[in-house]
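Chemist: Encoded as C-alpha cells, here's the structure I'll be asking about.
The values are calculated or read from the model by the stated rules, or taken from the named source; none is laboratory data. None of the values given here were measured: they were computed from a predicted structure. Quick reminder, even Gly has a Cβ in these numbers, built from the backbone with ideal geometry, and neighbours come from all protein chains shown.
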Amino acid sequence: MTDRGITVFGATGYTGRLVVKELVARGARPLLAGRNPQKLASLAREHGGLATFVADVAQQESLAAMAEKSRVIVNCVGPFVDLGQPVVEAAVGAGAHYLDTTGEQPFIRAVQGLDTKAREARVAVVPAHAFEIALADCGAAILARGYSDIASLDVIYATRFHASQGTKRTVLRMLGAEGFGYEEGRLVSQPPARYRRSVELPEGWGAMEALSFPSAEILTIPRHVRTRAVRVYLALPGMAARGIAWSMPLVRVLAKTPLVRVAERALGTDTSGPEPGVRAQDRFLILLEIRGVRRGQALREALAISGRDPYGITAAVAAQGALRMLADDYDRRGVLAPAQAFEPEAVLSDAKAFDVAWKKLA
Ligand SMILES: NC(=O)c1ccc[n+]([C@@H]2O[C@H](COP(=O)([O-])OP(=O)(O)OC[C@H]3O[C@@H](n4cnc5c(N)ncnc54)[C@H](OP(=O)(O)O)[C@@H]3O)[C@@H](O)[C@H]2O)c1
C-alpha cells in the first residue's frame, strides 16, 4: 500500500495538465494516466520524467490495473456522465480514494448511490472538487453554521469566463439531460431557467437578472446543511437572461435531436483551452444567501466568494485535496461533498493564489 501514490487520470487533458503542474509544484510525483501513450510520454518529459500508465475508460481491466497502482485517483476525464462511473467503481474496487472535477448533476447523483460500497471499502469518494461546486459547497457550510432551521439557500454565480473545449463538450452533453432542483426538503425534476430573480451583486458586478439552473450544489449542499431548499442561479445582464429564458424550451428540444452530435463533431476532440494570460483575467463572484433561524432569531445573511481563474482554482483545490487524502491520518469515508471531505475554510484557502477571498455581507 505504501508505494501507491496519486494518479491523475486524464492527465493529458486541459484540466489534467494543470492538476499535474500543481501537484509537481507541491513536491508530488503523480502517476500520469490516460489513453494516449505518446501524449503521456511527452507530458512526463515536461516534468522531468514522471511515471505513466495507459488506461482507457472503454477497457475496464485497464482501469482496475490503474486503480491497483493508486492510493488516490484524481479523475479529469469528462463528460463524466458518459465516462466517469467505471473509474469510480475501479477506485472503490481497489481501495483507492477518488476525487474529480465534474460539475454534472446526473453523474454525481449516480455516484452518491455508491456511498455504502465506498464506506465498506474504507475510501472517500469526492466528486466535484473543482471551481464549480467545491467553492459554493464550502461557502454554504460556512454560512449555515449556527442555524437551526433553514428555509432556503440560494447560490448565485456571476462570471466572465473562457471555457476549455472539454467544458464546452460537457455543457453540450448536459443540455438535454434531466435536471433536479431541491425544494421542500426533496429532489424534484426541474428544467433550467425554472426560476428567475433580480439581484444586486456586490464588488462592482451591479444589478443583474439571475436564471436558475440544475447545478450540482443542489445535490451536495443538502448532504451537510439541513435546508428546505437550494436554488442555484447564473447572473446575466437583463437582455441575455430574458433571451435565454425565452429560448430554453426550444434549446432543450433541440438538445435531444441528432443536431447535438453535429455540434459535438464541430467541437472535435482537442484538449485546448484558454491561454494562461486569458484565464488569469477570468473573474467571478459567488453570492450565497441564507434565510433561516439562528439563536431563535429569523435572519437573512449573505456570503460573497470572489476570485479569478476558475481553471487555476480547479487545479489547485483538486491537487491539494488529493494530497490531504494521501496523508496517513486522512480518515473520512463514503461519498462526500467537498465540505464533508475537507475543512471548508481550508478548501477556499487552497485557492488563495487566485485571489480567492470570502466575506459575510452586512
Ligand atoms: N467543475 C468545474 O469547475 C470544472 C473545471 C474544469 C473542468 N471541469 C470538467 O472536467 C472535464 C475535463 O475538462 P477538460 O477541459 O480538461 O477536458 P479535455 O481537455 O477534453 O480533457 C479530457 C481528457 O479526457 C481524456 N479522455 C477522453 N476519453 C477518454 C477515454 N475513453 N479514456 C481515457 N481518457 C479519456 C482525454 O484524453 P486525450 O488527452 O487522450 O484526448 C483528455 O485527457 C470536463 O467534463 C469539464 O467540464 C469542470
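Chemist: Quick one: how many residues across region 93-104 are among the hydrophobic types (A, V, I, L, M, F, W, C) and crowded, with 23+ Cβ neighbours inside 10 Å?
Modeler: 2
Chemist: I need the full set of residues from region 330-362 which are charged (D, E, K, R) and either in contact (Cβ under 8 Å) with a residue 24 or more places away in the chain or within 23 Å of residue 223 (Cα to Cα) (or both), in order please.
Modeler: Scanning region 330-362 gives 331, 332, 333, 343, 345, 350, 355, 359, 360.
Chemist: Give 316, 280, 240, 245 a once-over and let me know the one that is over 21 Å from residue 145 (Cβ atoms) and crowded, with 22+ Cβ neighbours inside 10 Å.
Modeler: 316
Chemist: With the checklist (1) more than 26 Å from residue 175 (Cα to Cα); (2) modelled with pLDDT under 95 in hand, flag the one item residue 331 doesn't pass.
Modeler: Only one criterion is unmet by residue 331, namely (2).
Chemist: Hey, another quick one. Kindly indicate the residue of region 138-162 that is touching a Lys or Arg at 6+ places or on another chain (Cβ under 9 Å) and part of a helix (DSSP H, G or I) and also farthest from residue 209 (Cα to Cα) among those meeting that condition.
Modeler: 142
Chemist: Next up: Look at residue 9 and say whether it is within 12 Å of the ligand (Cβ to nearest atom), touching a strand residue (DSSP E or B) at 6+ places or on another chain (Cβ under 7 Å) and over 20 Å from residue 128 (Cβ atoms).
Modeler: When the stated conditions are applied, residue 9 does not pass them.
Chemist: Also: Output the number of residues of region 90-124 satisfying the condition of being within 16 Å of the ligand (Cβ to nearest atom) and among the hydrophobic types (A, V, I, L, M, F, W, C).
Modeler: Number satisfying all stated conditions: 7.
Chemist: When region 27-41 is examined, which residues are found to be surrounded by fewer than 17 Cβ atoms within 10 Å (Cβ to Cβ) and within 11 Å of the ligand (Cβ to nearest atom)?
Modeler: Residues satisfying the conditions are 36, 37, 38.
Chemist: Considering (1) closer than 29 Å to residue 344 by Cβ; (2) touching a residue at least 60 places away in the same chain (Cβ under 8 Å); (3) crowded, with 16+ Cβ neighbours inside 10 Å; (4) not aromatic (Phe, Trp, Tyr), say which one residue 181 fails and leave the rest.
Modeler: Tallying (1) closer than 29 Å to residue 344 by Cβ; (2) touching a residue at least 60 places away in the same chain (Cβ under 8 Å); (3) crowded, with 16+ Cβ neighbours inside 10 Å; (4) not aromatic (Phe, Trp, Tyr), residue 181 fails exactly one: (2).
Chemist: Also, quick follow-up: Give me a count of the residues in region 129-158 that are touching a strand residue (DSSP E or B) at 6+ places or on another chain (Cβ under 7 Å) and either more than 16 Å from the ligand (Cβ to nearest atom) or not aromatic (Phe, Trp, Tyr) (or both).
Modeler: 20
Chemist: Kindly provide the set of residues from region 199-242 that are within 16 Å of the chain's Cα centre (by Cα), over 25 Å from residue 342 (Cβ atoms) and assigned to a strand (DSSP E or B), ordered by number.
Modeler: Residues satisfying the conditions are 233, 234.
Chemist: Name the pairs whose Cβ atoms lie under 8 Å apart, with the first residue in region 90-106 and touching a residue at least 24 places away in the same chain (Cβ under 8 Å) and outside any strand (DSSP E or B), the second of a type in the set (Asp, Glu) and more than 14 Å from the ligand (Cβ to nearest atom), and 6 or more positions between them or separate chains?
Modeler: Cβ pairs passing all conditions: 94/68; 106/178.
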